[in-house]
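Undergrad: There's a structure below that I have some questions on.
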Amino acid sequence: GVDLQVCTSKNPTCCTKKMEERYQTAVKQDIQQVLQTSSATLKFLISHNAAAFQETFEMLIRLAENYTNTLFCNAYRSMAAEATVHVQEFFTDVGLFLFGADISTEEFVNRFFDTLFPVVYNHVINPGPTDISLEYAECLRVARRDIRPFGNIPEKAIGQVGRSLLPSRTFLQALNLGIEVINTTDHLHFSRDCSRALLRMQYCPHCQGLTLSKPCMGYCLNILRGCLADVAEVDPHWRGYIQSLEELSGALNGAQGIEHVLLNFHSLVHDALVQARLNGPGLSEQVNKICGPPVRKPKQSPGCSFDQNRDNQGLKMFSRDREETLTNRRKEFFSQLQLHRAFFGGLADQLCGNELAAADGLPCWDGEGVVRSYTHRVVGSGIKAQSANPEVKVKGTDPVISQIIDKLKHVIQV
């Protein structure tokens with residue numbers, strides 16, 4: 001093959017241009033495969049934990065909803081059926097916010113207390129033989145923030161819910177970004193120059209019948225540090241990401257943590273109802289001023305439709321192991337994640353050291369022939385170091401990598 005582009009040599013060769021092209025395709029698939037294999041453990045660690053934390057949060061929400069419904073069934077049976085609807089709406093919003101929906105905690109906490117007020121007025125503050133009309137209920141709902149039937153409990157709830165949900169929401173979003181970072185580096189597009197250098201390193205020796213020789217360590221490092229120069233730039237941001245993720249995880253437990261706040265939400269609701277009952281006479285006067293005397297319609301309050309026993313068995317078991325599970329899971333996760341702190345900075349070295357290059361002291365391929373040792377200078381990692389790379393020309397940063405670095409910077413700030 002006189003028309004070879006990359007695997008040229010002084011000696012006769014057993015490659016044709018067609019074979020060289022097939023080797024070029026093969027080497028791209030090989031390197032993709034090697035990259036994906038090297039990141040598989042890290043990717044599984046993050047995606048497995050993202051799923052586990054999400055499942056734990058879903059379980060917490062269901063448990064907190066059950067506690068709140070149980071409060072109504074046990075202490076305020078007459079209004080339990082109506083209240084359950086609003087409780088369900090509230091905890092649906094909690095889930096939506098936690099898993100990334102663009103809604104405000106202040107808004108959905110306020111909405112819960114707004115919709116609860118007409119029910120409480122009808123059954124606790126001014127109970128009558130018949131129900132208040134829909135129009136009257138709407139007037140009460142709108143007037144709740146002026147009348148303040150629940151004192152400062154809604155404000156307290158807004159503070160607690162906002163403070164406890166935000167770290168957990170950010171934590172889940174950050175884990176998903178971690179998976180995205182790895183997916184991006186798993187599917188890199190290599191430049192033409194880099195693809196040719198990889199071909200020269202991996203398959204050109206085959207054209208000379210040297211199917212068993214492996215590249216020299218220094219030669220392998222120069223080529224992979226050149227091809228992965230962009231990826232090495234992710235390194236400081238990845239380390240920062242792991243550190244800030246660990247700091248954030250501290251905010252997931254304790255009195256401000258999601259478990260404590262959600263599982264005690266029912267006691268805030270209880271306090272709000274007690275306050276409304278104590279202020280009953282004064283509230284009736286205020287309501288009469290704003291909405292007029294109650295307009296009523298025939299009563300239709302069913303009892304308690306919520307089946308307390310159905311869910312509680314499974315959830316009780318969950319709540320017993322819950323405290324230690326969440327804390328232990330976090331500790332375990334971070335101790336393993338720390339092992340991958342230098343993943344992006346050391347990727348080229350890991351690939352050459354693990355499988356690509358020949359062991360020290362053995363004869364090896366240097367791009368021209370088999371030698372005792374590689375004589376060129378070996379450059380460091382990262383874009384700056386590549387200007388002196390004898391094997392690969394590196395031009396600027398890949399925009400896809402720049403974008404993923406920006407996302408890491410942003411999530412660290414958040």
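Undergrad: Which residues does the label zone of Ser335 cover in region 170-208, counting backbone N under 18 Å from a point 7 Å along Cα→Cβ?
TA: No residues fall inside that zone.
Undergrad: Continuing with this model, one more query. When the expected Rg is taken as 2.2 N^0.38 Å, what fraction or multiple of it is the alpha-carbon Rg of region 321-379?
TA: That ratio works out to 1.96.
Undergrad: Assuming a ≥ b ≥ c are the square roots of the Cα gyration tensor eigenvalues, decide whether region 127-252 counts as rounded (a/c under 1.5), prolate (otherwise, with a/b larger than b/c) or oblate.
TA: Verdict is prolate for region 127-252.
Undergrad: Using +1 on the beta carbon of Lys and Arg, -1 on that of Asp and Glu, and nothing else charged, what's the dipole of the chain about the Cα centre, debye to 20?
TA: 320 debye
Undergrad: Which net charge results for the neighbourhood of Leu98, defined as the other residues with beta-carbon distances under 14 angstrom from its beta-carbon, given Lys and Arg at +1 and Asp and Glu at -1?
TA: -3
Undergrad: Ok, one more. Just read off the accessible area of Leu356 with the full protein assembly in place, 1.4 Å probe, to the nearest 10 Å².
TA: 20 Å²
Undergrad: If you don't mind, there's one more thing I want to ask. Provide the solvent-accessible area of Arg239, counting protein heavy atoms only and rolling a 1.4 Å probe, rounded to the nearest 10 Å².
TA: Roughly 90 Å² of Arg239 is accessible to a 1.4 Å probe.
Undergrad: Largest first and in whole Å, give the semi-axes of region 207-285's equivalent ellipsoid, each being the square root of 5 times a Cα gyration tensor eigenvalue.
TA: Working from the Cα gyration tensor, I get semi-axes of 67, 13, 11 Å.
Undergrad: Hey, another quick one. D for region 56-156, whole µm²/s, Stokes-Einstein with Kirkwood Rh over alpha-carbon pairs at 10 °C and 1.306 mPa s: what number?
TA: The calculation lands on 109 µm²/s.
Undergrad: First measure r as the distance between the Cβ atoms of Ser402 and His48, then evaluate 1/(1 + (r/R0)^6) with R0 = 22 Å and state the FRET efficiency to the nearest 0.05.
TA: Once rounded, the FRET efficiency stands at 0.15.
Undergrad: What nm value, rounded to one decimal, do you get for the distance between Val2 and Asn152 when each label is placed 7 Å out toward the C-beta?
TA: Distance between label points: 9.3 nm.
Undergrad: How big is the shadow of the Cα convex hull of the chain, averaged over all directions, in nm²?
TA: Taking the Cα atoms of the chain, their convex hull projects to 26.7 nm² on average.
Undergrad: Under 15 Å from the Cβ of Pro236, count the other residues' Cβ atoms, weight Lys and Arg +1, Asp and Glu -1, and hand me the total.
TA: +1
Undergrad: To the nearest 10 square angstrom, how much accessible area does Arg145 have with a 1.4 angstrom probe?
TA: Roughly 130 Å² of Arg145 is accessible to a 1.4 Å probe.
Undergrad: Which one of Ile412, Ala359, Val378 has its Cα pushed farthest toward the positive end of the charge dipole of region 348-414, where Lys and Arg give +1 and Asp and Glu give -1 at the Cβ?
TA: Ile412
Undergrad: Assuming a ≥ b ≥ c are the square roots of the Cα gyration tensor eigenvalues, decide whether region 1-42 counts as rounded (a/c under 1.5), prolate (otherwise, with a/b larger than b/c) or oblate.
TA: In terms of gyration-tensor shape, prolate.
Undergrad: Starting at the first residue of region 241-247, write each ³J(HN,Hα) from the Karplus equation 6.51 cos²θ - 1.76 cosθ + 1.60 with θ = phi - 60°, in whole Hz, x for Gly and Pro.
TA: Going residue by residue, I get 4, 5, 5, 6, 5, 5, 4 Hz, with x marking Gly and Pro.
Undergrad: Taking +1 at the Cβ of each Lys and Arg and -1 at the Cβ of each Asp and Glu, which of Ile401, Gly282, Gln160 sits farthest along the dipole of the chain towards its positive end, judged by Cα position relative to the Cα centre?
TA: Of the options given, the answer is Ile401.
Undergrad: Measuring from centroid to centroid over Cα atoms, what is the spacing of region 145-187 and region 343-414 in Å?
TA: After rounding, the separation between the Cα centres reads 39 Å.
Undergrad: In addition: Under the rule of -39500 (n - 2.57) per DSSP H run of 4 or more residues, summed and divided by the residues of the chain, what mean residue ellipticity at 222 nm is obtained, to the nearest 500 deg cm²/dmol?
TA: Estimated from H runs of four or more residues: -22000 deg cm²/dmol.
The values are calculated or read from the model by the stated rules, or taken from the named source; none is laboratory data. Note that the structure is predicted; figures quoted are calculated from it, not measured. Methodologically, a virtual Cβ is constructed for each residue, glycine included, from the backbone with ideal geometry; neighbour enumeration extends over all protein chains shown. Please note that ligands, DNA and RNA were not included when accessible areas were found on the heavy atoms of the full protein model with its side chains. Shrake-Rupley method; radii C 1.70, N 1.55, O 1.52, S 1.80 Å.
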